[in-house]
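Notes to accompany the following structure.
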Amino acid sequence: QVQLVESGGDLVQPGGSLRLSCVASGFRFSLYRMSWYRQAPGKERELVAGISSAGGTTNYADSVKGRFTISRDNAKNTVYLQMNSLKPEDTATYYCYLYRDKDYWGQGTHVTVSS
C-alpha cells in the first residue's frame, strides 16, 4: 500500500534553514508528481510546492518563492523540501502529498520558526 513518511521538522530560529524529506513506498514513485503542503494552526492546508515526475518542472506558492526548493531523488523514492530564510509564518505541519487515483497524505512533520 502507499506510504508517505515525512521527516526533518524541527524548531528553528528565524532566518534559519531546514530540509524536509518524504520517503515514499508502495507505488512507482518515478511516475508521479509529488507535492508538499502545510497547515498552520487554525488555518486551511495550503500547497507549498510541487514537482513533476522526472523533476523537470516545479511550482511554488508565492509566499515561499525564492526561499524554498523542492527536489526529488527517484532512485531513493524521496522528495525533499529545502527551506531557507525561514520566517515565523512558515510555522506549520508540513505534509507530503500524492494523487494516484485518490489523495494520499503523509503523517506530517512539524516545523516551528521562533526565536
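Computed from the coordinates by the stated procedures, all read-outs in this text should not be read as laboratory data. Given the structure is predicted, the values throughout are model-derived calculations rather than measurements. Backbone-built Cβ (ideal geometry, glycine too); neighbour counts: all protein chains shown.
Quick grid of which residues meet (1) loosely packed, with under 13 Cβ neighbours inside 10 Å; (2) out of contact with any Asp or Glu (no Cβ under 9 Å at 6 or more places or on another chain); (3) not acidic (Asp, Glu):
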position	(1), (2), (3)
Gln1	yes, yes, yes
Leu4	no, yes, yes
Gly15	yes, yes, yes
Ser21	no, no, yes
Leu31	yes, yes, yes
Tyr37	no, no, yes
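Taking the condition closer than 13 Å to Leu18 by Cβ, over 12 Å from the mean Cα position of the chain (by Cα) and not charged (D, E, K, R), does Ser30 pass? When the stated conditions are applied, Ser30 does not pass them. Applying the condition of being over 18 Å from Ser7 (Cβ atoms) and in contact (Cβ under 8 Å) with a residue 24 or more places away in the chain to region 52-83 and asking which residue is surrounded by the most Cβ atoms within 10 Å (Cβ to Cβ) yields Val64.
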